[in-house]
1. Here are the criteria: (1) over 18 Å from Leu87 (Cα atoms); (2) at pLDDT below 95. Tell me which single one Leu196 does not satisfy.
2. Within the stretch 193-203, can you find the residues that are touching a residue at least 24 places away in the same chain (Cβ under 8 Å) and of a type outside the set (Lys, Arg)?
3. Could you tell me whether the stretch 115-125 includes any residue that is among the aromatic types (Phe, Trp, Tyr) and closer than 24 Å to Ser10 by Cβ?
4. Do we find that His149 is modelled with pLDDT under 95 and touching a Pro at 6+ places or on another chain (Cβ under 8 Å) in this structure?
5. Which of (1) over 20 Å from Leu198 (Cα atoms); (2) out of contact with any helix residue (DSSP H, G or I) (no Cβ under 6 Å at 6 or more places or on another chain); (3) not β-branched (Val, Ile, Thr) is the odd one out, the single condition Gly9 does not satisfy?
6. Can you say whether Gly169 is at positive phi and out of contact with any strand residue (DSSP E or B) (no Cβ under 8 Å at 6 or more places or on another chain), as far as the supplied structure shows?
7. Looking at Arg74, Arg90, can you tell me which residue is of a type in the set (Lys, Arg), touching a helix residue (DSSP H, G or I) at 6+ places or on another chain (Cβ under 9 Å) and without any contact (Cβ under 8 Å) to a residue 12 or more places away in the chain?
8. Only residues that are surrounded by fewer than 19 Cβ atoms within 10 Å (Cβ to Cβ) and either under 18 Å from His182 (Cα atoms) or without any contact (Cβ under 8 Å) to a residue 24 or more places away in the chain (or both): list them for the stretch 35-58, please.
Amino acid sequence: MTTGVVDYGSGNFASVWNAVAAVSGDVKRVARPEDLGGCSHVVLPGVGAFAAAMRKLEKTGILEALSAEAAAGRIQLLGICVGMQVLASRGLEFEECRGMGLVKGTVEAISVDRSRFALPHMGWNSLSDLGAAPLFRHMEGEPSFYFVHSFHLKCEDPDARSVFCEYGGVRVTAAVSKGNVHGVQFHPEKSQDNGLQLLRNFIAL
């Protein structure tokens, strides 16, 4: 199985590549639509704003091909941080922008009391409601992961399975899975052993 890591100018490509390479012997850089050929799994990193990420994906030409491959079930897709957010129907960061539409929902600001809680939500946070979520196999209790974000996915998809964390009294979507499409709001590449285990779980799907 070959795991592709999408390179579209996202700031965390190198760190995601290194983390995937640490758990997989077959990793491929995906910078053009044709690079998706031969990939069974694809990781979509992301840093920055929703609309900017969508524009970069469109500019490289990867967006249409990646959406088609995922929608047809031909690949397992994992979005990380903004890479998770663009899986949604739309985002509201700075401007309203259409997403890939692979998971029904809207990406909006975390509605915390700004007088008491800072945004971005930054640092380690434990997860709850793991249930049988496929990305969290072989993890005990409430595993912690590293987050840096101000927006999150409000999932409205009845076919999706969500995992949550809590920040400032708000239930925040930390991960989502819908068939072969998966997303994590946190950064597995910065989450030490739990992050590497999550990537192993993804590659094993």
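The values are calculated or read from the model by the stated rules, or taken from the named source; none is laboratory data. These numbers were taken from a predicted model, which means no experiment stands behind them. Cβ atoms come from the backbone with ideal geometry, glycine included; neighbour counts cover every protein chain shown.
1. Evaluating Leu196 over (1) over 18 Å from Leu87 (Cα atoms); (2) at pLDDT below 95 leaves (2) as the failure.
2. Asn194, Gly195, Leu196, Gln197, Leu198, Leu199, Asn201, Phe202, Ile203
3. Among the residues of the stretch 115-125, at least one is among the aromatic types (Phe, Trp, Tyr) and closer than 24 Å to Ser10 by Cβ, which makes the answer yes.
4. Judged against the criteria, His149 is a match.
5. Unmet condition: (2).
6. yes
7. Going through Arg74, Arg90 in turn, the sole match is Arg74.
8. Matches in the stretch 35-58: Gly37, Ser40, Ala52, Arg55, Glu58.
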